[in-house]
Amino acid sequence: MRYSLALIVGVAVGWGGVAACGQEPVASIDLRKPEASRSWQPLHDVKALEATPEGVRVTINGPDPYFRGPTVDLPEGVLLTATVRLKSDHPGMLQLFHVRAGQGTDEDRSVRKPVRGGEWRDVVLHLPPLGPGTTFRIDPPGTSGACVFESIRFDVRSVIEAQFPAPGVPKPPAGSPEVRSGALAVRQDPASFGGFAVDVDGRTSAVGHDRPAIAYRATVDGKPTVKWIDAAKVGRAGGGGEGGSIGSTLEFRDEDGATWRLSHRFAPHSPGVIAFEAECSVDAPREVYHVPLMVVLPGHGRPPFGASKGQAILAGVEYLDNEPSSSTADLGERDALRKVPSAGKLTFPLMAVQARGKYLGMVWDRTDRAAALFDSPDRTLGGSGHLMGLIAPAATGDDRSEGSMFPDAPTTIQPGAPLKVSGLLIAGDGTSIVPAVQKYVALKGLPPIPQAPGLQDYVRQAAAGWLDSPIRDGARYRHAAGANFRPHAAADAAWMMDQLAGLTDDARLASRLREASAEAAKALPEPQYLHGAVGHNTYPVAPLVLGEGGDLVLRSLDRAVEATAGLARYFEPDGTRRYRARGGDSLDYGRTHFSDEASGYAAQPIDDMLRKAAYSGDRAAVDEALRLLAVLRDRFRDGVPRGAQTWEIALHTPDVLASAYLVRAFALGYELTGDASFLEAARYWAWTGVPFVYLVDPTDGRTPGAVGPYATTPVLGSTNWVAPNWIGLPVQWCGLVYADALVDLARIDPDGPWGRIADGIAASGILQSYPIGHPSQGLLPDSFNLSEQVRNPADINPGTLQPGAVRLLVGSRARPYQFRALRSSGLWVAAPGSVDVEVDRPGEVAFTVQPWRSGPSRLVVHNIPDDPRSTSVPAPIARRPGSWVLPLDGPAPRRVTIRTPN
């Protein structure tokens with residue numbers, strides 16, 4: 001059945017005009033009527049479509065269900081919303097593909113939203129202009145059970161033309177009221193609302209917006225319309241200082257007789273920090289589309305700063321070099337606009353701009369009545385610098401097309417219930433945006449670590465993932481569930497099940513785990529002990545705990561050297577790694593980047609190379625890896641973490657995985673050399689990863705026990721520039737690799753926040769994992785939607801989470817592997833557990849190993865002089881020049897002493 005505009009229930013034909021304020025739907029399909037779905041057809045993994053009194057019942061019987069839905073005559077050239085009312089047995093993703101004559105289905109012609117299971121939901125989807133004869137393919141949420149569709153309603157989206165007066169350049173006269181806090185000062189022109197200047201170290205770095213404009217809905221000749229108020233033009237400003245603070249007000253009347261009042265207040269907070277409050281009130285109800293509450297314009301009217309910058313950030317949404325925000329470098333046109341992102345995409349409330357050795361930022365108190373506005377450079381108001389602000393109404397994710405300035409429908413301000421925002425202006429020295437992130441954490445702290453299940457509950461959950469989930473195929477394991485992931489022998493599966501066997505208090509489960517571990521180890525060719533992994537966090541631990549005897553360990557050292565030689569081939573003679581497109585039909589992931597280099601693109605093989613070289617003990621391999629590390633340090637100093645996932649993500653895209661590789665490589669470089677510049681680099685890159693981690697609860701506590709804090713956004717971009725858009729969609733395995741790197745950094749930089757962030761990420765990973773009883777029990781979803789608390793496939797093996805989870809639940813000493821360079825004696829130690837050094841001096845070392853394995857294991861010590869006077873307790877079970885293999889028995893701490901000739 002084709003739905004024409006004349007036949008659809010609730011048709012409204014008046015879709016033209018400035019805004020579709022208050023109109024009826026242009027199309028509304030009541031699926032409780034049997035004839036409404038007569039032409040719908042199952043296409044894939046849909047067992048049946050059945051008309052019921054509740055609506056169309058879709059019975060799903062596979063992982064990728066979809067069906068042909070309605071064909072609708074829609075108006076040409078009109079932006080629309082589709083509101084789909086449904087109830088799904090299971091959570092998942094609803095996706096609508098829109099197709100016209102001659103078109104096929106394509107991600108570019110689709111919209112999607114996550115759906116919570118078990119209750120009726122109205123899912124709002126924003127559509128582009130379509131037209132007559134539009135057919136919809138519908139992909140229902142879930143992979144089993146049923147989903148009932150009650151109705152689909154199409155509404156015209158409001159189209160509001162901005163009427164923003166050009167901002168002036170406030171210059172408060174001498175003697176104007178001011179507040180100071182350290183190097184930061186705000187000076188207020190009492191005759192101009194928004195006419196303030198923000199000074200850093202005595203130089204004006206930003207100004208306020210002195211031409212605020214308000215948009216509200218009114219009725220003219222019986223029709224809804226949008227009216228704009230140039231508030232500064234029609235209002236009366238006032239201001240002054242009292243009680244150590246300064247304030248400014250603006251009062252005015254609109255054309256319909258209401259009196260408005262805008263106010264600002266600034267007060268000292270702490271060195272380099274000034275608190276602000278802003279308010280908008282009106283004495284009659286007003287339906288508002290736009291109210292600027294607090295707007296700051298860094299660089300405006302201040303050449304040579306102006307529109308240039310060093311870096312800028314909107315936490316969780318933008319991480320910029322000197323380049324425009326809302327660009328298509330990382331996302332397609334559909335998703336690129338990020339001026340006013342939905343609140344749930346912001347990992348914490350921080351925006352900042354850095355230029356000419358200083359940063360200026362805004363930290364605000366989160367509220368459900370206002371949204372963040374960020375544009376760098378300022379193309380919104382037409383200023384000559386950048387734009388940071390807080391505006392009303394709030395951006396919720398359903399209220400507007402993502403990133404847009406204006407909502408689809410207005411929000412009402414009632415008399416006596418003013419709009420209010422508050423926050424902090426921050427400023428200081430900075431050659432990057434990192435000091436602004438550090439300042440945020442210093443001011444607001446880190447959230448509590450989420451309450452995760454206890455150790456035994458976690459062990460049962462992880463064991464279920466290894467033993468009784470779709471990733472297992474006998475003695476082989478898949479990276480993730482699904483036919484696209486082939487099973488193979490996996491060293492990490494073998495040793496991780498062995499680790500769980502030693503932790504469980506369930507004798508039967510321990511027996512099953514040990515049996516499966518032994519089978520997995522038996523299926524593993526010895527050359528794969530170093531490389532056969534299904535998890536994303538890998539360690540050279542299998543040769544130290546699997547198999548028998550020390551000779552196996554010595555052979556693994558040679559394989560590690562061979563692997564480093566292969567990794568070195570990624571680099572040019574000058575130590576750089578250059579991206580080259582694969583050619584053919586493959587996408588060129590470097591096409592939107594300003595360089596053929598990226599920090600994460602180079603760091604990934606260096607990290608791998610350095611870890612394998614250190615394990616091997618080969619000096620030449622270590623020296624070459626350190627040479628490349630020094631090049632990495634120098635080329636990307638004060639840079640943006642990007643380019644670590646070029647199998648599907650643009651080289652340009654900011655990426656927490658890049659932060660992870662950089663931290664881990666530089667931390668190990670410092671461990672090996674003691675070079676302070678490597679430690680400084682490790683700290684820097686660790687801070688670059690923080691904006692990807694949720695340090696606030698995006699659910700605002702609406703659902704007890706919901707996943708929120710420490711969930712980790714993977715990249716600030718989309719797969720193939722199209723979909724999925726990963727901003728605001730945590731991929732915890734990426735966060736867990738970052739957390740693993742932070743664990744290494746926490747030991748050498750114990751005063752940093754690294755251990756707590758790592759534990760928080762691990763706790764979130766446990767909560768995101770599928771519970772026991774689910775078909776994917778114990779597995780980690782590929783991504784997790786926070787607003788609807790929906791897990792999204794492909795479902796990943798437990799290996800990436802397990803090391804961090806065990807550390808969280810057992811303690812910081814519960815490490816699967818640790819490498820220590822004892823620089824005074826020159827010895828290097830690689831052990832299957834934590835290593836605590838007690839003595840390290842020329843000729844003598846003593847350290848204690850805390851092995852995790854309940855059975856025998858081994859450690860390796862390098863750089864022991866080939867001299868008969870060299871001794872160790874325990875005695876070596878295998879040796880070669882420079883390297884000894886020592887035995888470890890059971891999980892009890894083992895003290896090791898080694899003496900060598902001076």
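Read-outs throughout are calculated quantities, based only on the coordinates presented, and are distinct from any laboratory measurement. Predicted model, so just to flag it, every value in this text is computed and none were measured. Neighbour counts are summed over all protein chains in view; Cβ atoms, including those assigned to glycine, are modelled from backbone coordinates with ideal geometry.
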Residues Ala620 and Ala581, FRET efficiency given R0 of 30 Å [Cβ-Cβ distance, rounded to 0.05]: 0.40
Shape call, segment 21-129: gyration tensor on alpha carbons, a/c limit 1.5: rounded
Electrostatic dipole magnitude of the chain [Cβ: Lys, Arg +1; Asp, Glu -1; Cα centre; debye, to 20]: 640
Convex hull volume per residue for segment 818-899, taking Cα atoms only, in Å³: 70
Projected label distance in nm at Lys444 and Asp836, using a 7 Å step from Cα toward the beta-carbon: 3.7
Val810-Asp122 pseudo-label distance in nm [points 7 Å out on the Cα-to-Cβ vector]: 5.1
Theoretical ellipticity at 222 nm over the chain - DSSP helices of four or more residues, -39500 (n - 2.57) apiece, nearest 500: -6500 deg cm²/dmol
Relative contact order (%) - criterion: Cα under 8 Å, at least six apart; region: segment 2-156: 31
Gain in span if fully extended, Ser511 to Asp221, counting 0.36 nm per residue against the direct Cα distance: 96.4 nm
Segment 240-398, relative contact order in percent, only Cα pairs under 8 angstrom and at least six apart counted: 22
Summed side-chain charge close to Pro901 - residues other than Pro901 whose Cβ falls under 10 Å, Lys, Arg +1, Asp, Glu -1: +1
Prolate/oblate/rounded label for segment 178-444 (Cα gyration tensor, a/c 1.5): oblate
Segment 178-444, dipole about Cα centre (Lys/Arg Cβ +1, Asp/Glu Cβ -1), debye to the nearest 20: 380
Neighbour-limited loop hits for GluC sites (Glu not before Pro), segment 97-166 (at most 11 other Cβ within 10 Å; DSSP other than H, G, I, E, B): Glu119, Glu161
FRET efficiency for Val561 and Gln528, using Cβ-Cβ distance with R0 set to 25 Å, rounded to 0.05: 0.90
Segment Arg180-Ala284, extension gain: residue separation times 0.36 nm, minus the distance between their alpha carbons: 33.7 nm
Spin-label pair Arg591/Lys171, simplified geometry with 7 Å Cα→Cβ offset, distance in nm: 4.8
With Cα atoms, 0 to 90° folded angle of helix 491-503 axis to the chain main axis: 90
Order by protection proxy (mean Cβ within 10 Å, highest first), peptides 47-60, 766-779, 653-666, 330-343: 653-666, 330-343, 766-779, 47-60
Cα shape, segment 690-824, gyration tensor, a/c 1.5 rule: prolate
Packing rank of 624-630, 850-856, where each peptide gets the mean count of other beta carbons within 10 Å, highest leading: 624-630, 850-856
Violating pairs (Cα-Cα greater than 22 angstrom) within the set Lys309/Lys339; Lys171/Lys339; Lys227/Lys345; Lys87/Lys113; Lys309/Lys345; Lys358/Lys420: Lys171/Lys339; Lys227/Lys345; Lys309/Lys345; Lys358/Lys420
Nearest-ten-degree value, helix 619-635 long axis tilted from longest Cα axis of the chain: 20
Euclidean distance between Cα centres, segment 76-143 to segment 866-899, Å: 64
Relative contact order computed over the chain (Cα-Cα under 8 Å; 6+ residues apart), in percent: 8
Segment 308-357 and segment 537-590: distance between their alpha carbon centers, rounded to Å: 34
Rounded Å value of the spacing that divides the Cα centres of segment 191-216 and segment 812-855: 57
Dipole of segment 64-145, positive end: most advanced residue of Val123, Thr105, Thr134 [Cβ charges, Cα centre]: Val123
Among 447-457, 672-682, the order from most to least packed when residues are scored by Cβ within 10 Å on average: 672-682, 447-457
Helix axis angle, 676-689 relative to the chain longest principal axis, alpha carbon, degrees: 40
Most positive-pole-ward Cα, Tyr319, Ala267, Val234, against dipole of segment 178-444 from beta carbon charges: Ala267
